[in-house]
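Report on one structure; see the data block that follows.
The values are calculated or read from the model by the stated rules, or taken from the named source; none is laboratory data. Nothing here was measured: the structure is a model prediction, and the numbers come from that model. Because the Cβ atoms are built from the backbone with ideal geometry, glycine has one as well, and the counts that use them run over all protein chains shown. Please note that ligands, DNA and RNA were not included when accessible areas were found on the heavy atoms of the full protein model with its side chains. Shrake-Rupley method; radii C 1.70, N 1.55, O 1.52, S 1.80 Å.
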Amino acid sequence: MMSMKELCLNLVKSESADEVKNILKKEGLWDNEDNWKNIGDVENNYTTIGNQQASPMNAFVEKVVNSSDSILTSKVIANGIDPEDTNLAPKSVADAMDKYLGIKNQDITSLGGRTAVGKAADSCGGVVLTGQLNQPNISIFDFGEGQEPSKFPTTFCGMSESNKQKIMFVQGKHCAGGTGALSYAQDGIQLIISRRSPLLNEKDASNDIGFTVTREFPVGNRNVKSPEYKYLVINGSVPNFSFEPLKILPCMKNRDTAYEKEWHHGAFIKLFNYDLRNRTASSNIYDFSRKMSLHLVNPVFPLRFYERRPDQQKKSPETTMSGLVYRLKDDRNEIEESCPFGATFSVDNQEFRAQIFVLKRDV
C-alpha cells in the first residue's frame with residue numbers, strides 16, 4: 001500500500017475520473033463504504049447538492065468565490081485581526097480589496113498595466129485545464145488561509161455550517177462548500193488538498209497537508225431513494241501527511257506539464273471530466289476565460305488560467321481573467337467615448353447602481 005503522500009500525488013496527476021477510481025480500487029478504498037462519509041454529515045444530501053446551480057459555469061464560479069474569500073480572510077488574520085470583529089475587520093468586499101490587494105473601488109484596472117495585473121494574479125492563485133477537450137479536468141488553486149485536515153468536515157466537506165455568516169467582507173454566505181459543481185464532474189469525483197497557511201501565525205494549527213476525494217453513490221441496489229455524495233476517509237479521518245512542498249502547480253517555463261511548480265499552502269481542488277455543456281467555452285483557455293468573465297463582472301483578484309491539455313496548450317497556453325468590467329475598460333477601441341455612464345434603480349427598497357457601456361457599431 002502506498003504512503004499518504006504517494007496516494008495524494010497519484011490522485012493529483014490522474015487525468016480522468018476513471019483513473020482516480022482505479023487508483024482507489026487498487027488501494028482497497030473505493031469499494032469499502034467504511035471509507036466514505038456523507039458530505040455535510042447528511043444522508044439525503046443530493047436534495048441540496050443536486051439542485052444548486054442550473055449551469056456548470058455558475059457552479060464553477062462558486063469555487064472562485066470560495067478562493068476569493070479565502071485570500072481576503074487570510075490577509076485579515078495575518079494582520080492580527082479576527083475576521084468576525086465588526087470594529088476592526090473590513091466592512092465590505094470593496095474595503096478588503098482596497099486595503100489588502102491594492103484594488104480601488106473593486107476596479108482591477110486601478111492596479112495599473114497588464115504586468116501589475118499579472119503579478120497580482122500569480123500571487124493569489126489560478127485555474128488549470130488538463131485532460132479531454134470537451135470534458136476537461138479543471139483545477140483551481142489559491143494561496144489563501146487553507147484548512148487543517150480536522151476541519152475538512154465542516155469546511156470543504158460541509159454544507160450548512162455558518163462559518164462565514166459573521167464575516168462582512170466575504171461573498172460566500174450559503175455554506176454549501178462549493179458542492180454545486182459536483183453534479184457536473186463525472187461521478188461527482190473531485191480531489192481536495194489543503195494546508196493551513198503558516199503565515200497566519202496560529203499557535204495550535206496543524207502543519208499537515210490534508211486531502212480527500214468526493215464521489216457520488218448512485219441509488220443502485222442500496223436502500224435509499226436518491227444518490228448521495230460522500231468523501232474519502234481513512235481510519236475514520238481525512239487522509240493527511242506531514243508537510244513538504246508538492247510539485248502540483250503549472251509554470252510558464254515548462255508548458256509540457258501541469259505539475260512543475262511547488263505548492264506550499266492554501267487549497268488545491270481538481271474536478272474530473274467536468275461537463276461544461278458548451279463547446280465554445282471548452283474549446284480553448286481563452287474562450288473559457290472570456291466566458292468566465294461574464295459570470296464574474298468584478299472578481300476579487302485577477303485569475304491566471306493555464307491551458308495544459310496536450311492538443312490545446314500550444315494555441316494559447318496562458319491568459320488572465322480580470323472580469324467583464326476590466327475587459328470593457330481595457331479595450332477602449334470597442335467602446336463609445338462617452339461610456340460608461342451610470343444609472344440607479346431600486347428593487348424591493350434596495351438600491352442598485354448600474355454602469356452602461358455602449359459598443360461601437362462595427363464591433
Go through the range 208-233 and give me each residue that's more than 23 Å from Asn51 (Cβ to Cβ) and in contact with an Asp or Glu (Cβ under 9 Å, 6 or more places away or on another chain).
Asp208, Ile209, Gly210, Val233
Which count do you get for residues in the range 75-119 that are free of Cβ contacts under 8 Å to residues at least 60 places away in the same chain and acidic (Asp, Glu)?
3
What are the residues in the range 189-220 that are among the aromatic types (Phe, Trp, Tyr) and buried (at least 24 other Cβ atoms within 10 Å of the Cβ), if any?
Phe211
Subset of the range 342-363 (residues that are part of a strand (DSSP E or B) and either among the hydroxyl-bearing types (Ser, Thr, Tyr) or over 33 Å from the mean Cα position of the chain (by Cα) (or both))
Thr344, Ser346
Restricting the range 118-132 to residues that are in contact with a Ser or Thr (Cβ under 6 Å, 6 or more places away or on another chain) and among the hydrophobic types (A, V, I, L, M, F, W, C), which is nearest to Arg332 (Cα to Cα)?
Ala121
Residue among Ala120, Ala116, Ala96 that is more than 26 Å from Ile248 (Cα to Cα), in a helix (DSSP H, G or I) and of a type in the set (A, V, I, L, M, F, W, C)
Ala96
Pairs, please: C-beta under 6 Å, at least 6 apart or cross-chain, first residue within 20 Å of Glu244 (Cα to Cα) and in the range 265-278, second outside any strand (DSSP E or B) and open to solvent by 30 Å² or more (accessible area, probe 1.4 Å)?
Gly266/Phe143
Out of the residues in the range 342-363 that are touching a Ser or Thr at 6+ places or on another chain (Cβ under 9 Å) and among the aliphatic types (A, V, I, L, M), state the one that is least open to solvent (accessible area, probe 1.4 Å).
Ala354
Scanning for something modelled with pLDDT of 90 or more and open to solvent by 70 Å² or more (accessible area, probe 1.4 Å), does the range 221-240 turn up at least one residue?
yes
So which residues in the range 309-341 are over 27 Å from the mean Cα position of the chain (by Cα) and surrounded by 12 or more Cβ atoms within 10 Å (Cβ to Cβ), if there are any at all?
Glu334, Ile335, Glu336, Cys339, Pro340
Taking the range 279-295 and keeping residues under 15 Å from Ala181 (Cβ atoms) and open to solvent by 10 Å² or more (accessible area, probe 1.4 Å) leaves His295
Verdict on Thr109 being outside any loop (DSSP other than H, G, I, E, B), within 20 Å of Gln190 (Cβ to Cβ) and over 20 Å from the mean Cα position of the chain (by Cα)
no
